[in-house]
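In what follows, a single structure is set out as structure tokens and then discussed.
The values are calculated or read from the model by the stated rules, or taken from the named source; none is laboratory data. All values derive from a computational prediction rather than experimental measurement. Cβ coordinates were reconstructed from backbone atoms using ideal geometry, including for glycine residues, and neighbour counts include every protein chain displayed.
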Amino acid sequence: MSATGVLTVAAEGGVIGDGRTGANLALGVGLVGVAIGRLALARVAGRISTGNARTGAMAAMAVGLVGTALAALHLATSSGGPGTGNGMVGAIAAIALGLTAMALGRRALARSRRTGRSAGSVGHEGEFGATS
């Protein structure tokens, strides 16, 4: 089965469950992405000493992207509107969670790059034409 087929089956709720299953799956993936992003931010700030902040940030961005894609696919394939029991409101919330996970991951990645620089490489007085 191709990746597109797997995502379509996951967004439609698979063989079991009602129309909300795909939205619930996307919500779960989005929540996991937000949790990973928060942990990556804590690692960058030094509150957690185990693990790599850059790896956590990239994982949060990837999981957030998958959650957003699942939610968008569920919205595209579901019939009816909000309040019909097809999980459209849950999919909209899952898009917000996925985007939040990506933003947290991006913020953690930017902070890890900023704190990873050495103090000696920051100042370039001679490079910008400053005179002594």
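See the values below:
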quantity: Qualifying residue in region 112-123 (condition: modelled with pLDDT under 85 and buried (at least 16 other Cβ atoms within 10 Å of the Cβ)); calculated: yes
quantity: Options GLY80, GLY46, GLY67: the member that is of a type in the set (Gly, Ala, Ser) and farther than 26 Å from GLY5 by Cβ; calculated: GLY46
quantity: Only listed residue being closer than 25 Å to GLY5 by Cβ and touching a residue at least 12 places away in the same chain (Cβ under 8 Å), chosen from LEU75, LEU39; calculated: LEU75
quantity: Index of the failed condition, LEU41 passing every other in (1) modelled with pLDDT of 70 or more; (2) surrounded by fewer than 17 Cβ atoms within 10 Å (Cβ to Cβ); calculated: (2)
quantity: Restricting region 18-35 to residues that are out of contact with any Gly (no Cβ under 6 Å at 6 or more places or on another chain) and assigned to a helix (DSSP H, G or I), the residue that is farthest from ALA53 (Cα to Cα); calculated: ASN24
